[in-house]
2 protein chains.
Amino acid sequence: MTEATYFILAALLQEPLHGYGIIKRAGEQSAGRVKLAVGTLYGALDRLAEAGLVVIDHEEVVDGRPRRYYRITDEGVTAVREEAVRLQQAARVVTVQIAVMGA
Amino acid sequence: MTEATYFILAALLQEPLHGYGIIKRAGEQSAGRVKLAVGTLYGALDRLAEAGLVVIDHEEVVDGRPRRYYRITDEGVTAVREEAVRLQQAARVVTVQIAVMGA
DNA sequence: GGACCATATATCGGGGTCCGATATATGGTC
DNA sequence: GACCATATATCGGACCCCGATATATGGTCC
């Protein structure tokens, strides 16, 4: 799983969001470090939807323009949880070694 | 930093290794999850060397074939340590939210 | 002896992903 | 009027991964 898809799924854990909302949420959750580009977002959302990790929750029309809300699926929650474990383990590989160096 | 470059740097933390040794070490450190492809390795090593995160430590000749040992630089150690922190924080973004969901 | 695998380096090309640029549209601020 | 935030969508360039391929040796297995 790429970093972009990971943060998209993470952004959707609380509630369904539309595209622009995902970008903002991902920025908030990472303290500004992650800035999803729009070109990244829509391509990644298409792939996630095809993989069944997200689905379209509902669509609204605001100011005459459509707004599409995406919802994470149970499968998506499982996938992002497993990825979090992998990231945690990857981080440990380095931190443990550096801790030993310092000792 | 991509996952491949991260695990290459992690593999070099203990001691200088040659290409094939890096592949094996990365596999060991990740309990078999990370399998660096050779095509990935040499391209990534070139980029890391250009960025100054690794340098060629020395070259040996074994059975008439050269064996090139790469060493991580201080800059490389700093970079991989910072990346470990980022991975840790990224993992937390998900684990904290899921913990709250369960509560 | 031949097949296969581990060791070992190197390159090439295809494919996937990221992301800035661009287009389009509205409403608010300065 | 200019600019920015909000909002969706697409395209192309750039970057990176990785399997395939080439080359070479030594060991194991049948």
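The values are calculated or read from the model by the stated rules, or taken from the named source; none is laboratory data. Keep in mind that what you see is a predicted model, and the values were worked out from it rather than measured. When we count neighbours, we look across all protein chains shown, and the Cβ atoms used for this are built from the backbone with ideal geometry, even at glycine. Ligands, DNA and RNA are stripped out before the accessible areas are found, and what is left, the full protein with its side chains, is counted by its heavy atoms. Shrake-Rupley method; radii C 1.70, N 1.55, O 1.52, S 1.80 Å.
Every residue, every condition in (1) out of contact with any Cys (no Cβ under 8 Å at 6 or more places or on another chain); (2) closer than 28 Å to B:LEU12 by Cβ; (3) not acidic (Asp, Glu), yes or no:
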| position | (1), (2), (3) |
| --- | --- |
| A:GLU3 | yes, yes, no |
| A:ILE23 | yes, no, yes |
| A:GLY27 | yes, no, yes |
| A:GLY32 | yes, no, yes |
| A:ALA49 | yes, no, yes |
| A:ARG67 | yes, no, yes |
| A:ARG71 | yes, no, yes |
| A:GLU83 | yes, yes, no |
| A:VAL94 | yes, yes, yes |
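Filtered by the rule that a residue be more than 9 Å from DNA strand C (Cβ to nearest atom) and open to solvent by less than 70 Å² (accessible area, probe 1.4 Å), the stretch A:28-44 gives A:GLN29, A:SER30, A:GLY32. Of the listed requirements (1) farther than 29 Å from A:VAL80 by Cβ; (2) within 11 Å of the chain's Cα centre (by Cα), B:VAL34 misses just one: (1). Inside the stretch B:28-44, residues that are in contact (Cβ under 8 Å) with a residue 24 or more places away in the chain and hydroxyl-bearing (Ser, Thr, Tyr) make up a count of 1. The set of residues in the stretch A:53-73 being more than 13 Å from the chain's Cα centre (by Cα) and away from DNA strand C (no atom under 14 Å from the Cβ) consists of A:VAL55, A:ILE56, A:ASP57, A:HIS58, A:GLU59, A:GLU60, A:ARG68, A:TYR69. Of the residues that sit in the stretch B:7-27 and are without any contact (Cβ under 8 Å) to a residue 40 or more places away in the chain and within 11 Å of DNA strand D (Cβ to nearest atom), which one is most open to solvent (accessible area, probe 1.4 Å)? The residue in question is B:TYR20. For first residues located in the stretch A:76-103 and more than 7 Å from every other protein chain (Cβ to nearest Cβ), partners that are part of a helix (DSSP H, G or I) and open to solvent by less than 20 Å² (accessible area, probe 1.4 Å) and lie 6+ apart or on another chain with Cβ distances below 6 Å form the pairs A:GLY76/A:LEU9; A:GLU83/A:TYR6. For the stretch A:50-59, which residues satisfy the criterion of being in contact (Cβ under 8 Å) with a residue 40 or more places away in the chain and either near DNA strand D (Cβ under 8 Å from one of its atoms) or more than 14 Å from every other protein chain (Cβ to nearest Cβ) (or both)? A:VAL54, A:ASP57, A:HIS58, listed by residue number. Condition test on B:LEU9, is it away from chain A (no Cβ under 14 Å) and at pLDDT 95 or above? Here the answer is no, as B:LEU9 does not meet what is asked. Please verify whether A:ARG47 is within 14 Å of chain B (Cβ to nearest Cβ), open to solvent by 80 Å² or more (accessible area, probe 1.4 Å) and without any contact (Cβ under 8 Å) to a residue 60 or more places away in the chain, treating the condition exactly as stated. Spelling it out, it is not the case that A:ARG47 is within 14 Å of chain B (Cβ to nearest Cβ), open to solvent by 80 Å² or more (accessible area, probe 1.4 Å) and without any contact (Cβ under 8 Å) to a residue 60 or more places away in the chain.
Give the residues of the stretch A:65-74 that are more than 11 Å from DNA strand D (Cβ to nearest atom) and either touching a residue at least 12 places away in the same chain (Cβ under 8 Å) or not charged (D, E, K, R) (or both), sorted by residue number.
Looking only at the stretch A:65-74, we keep the residues that are more than 11 Å from DNA strand D (Cβ to nearest atom), and these are A:71-74.
Across the stretch A:65-74, the qualifying residues are A:ARG71, A:ILE72, A:THR73.
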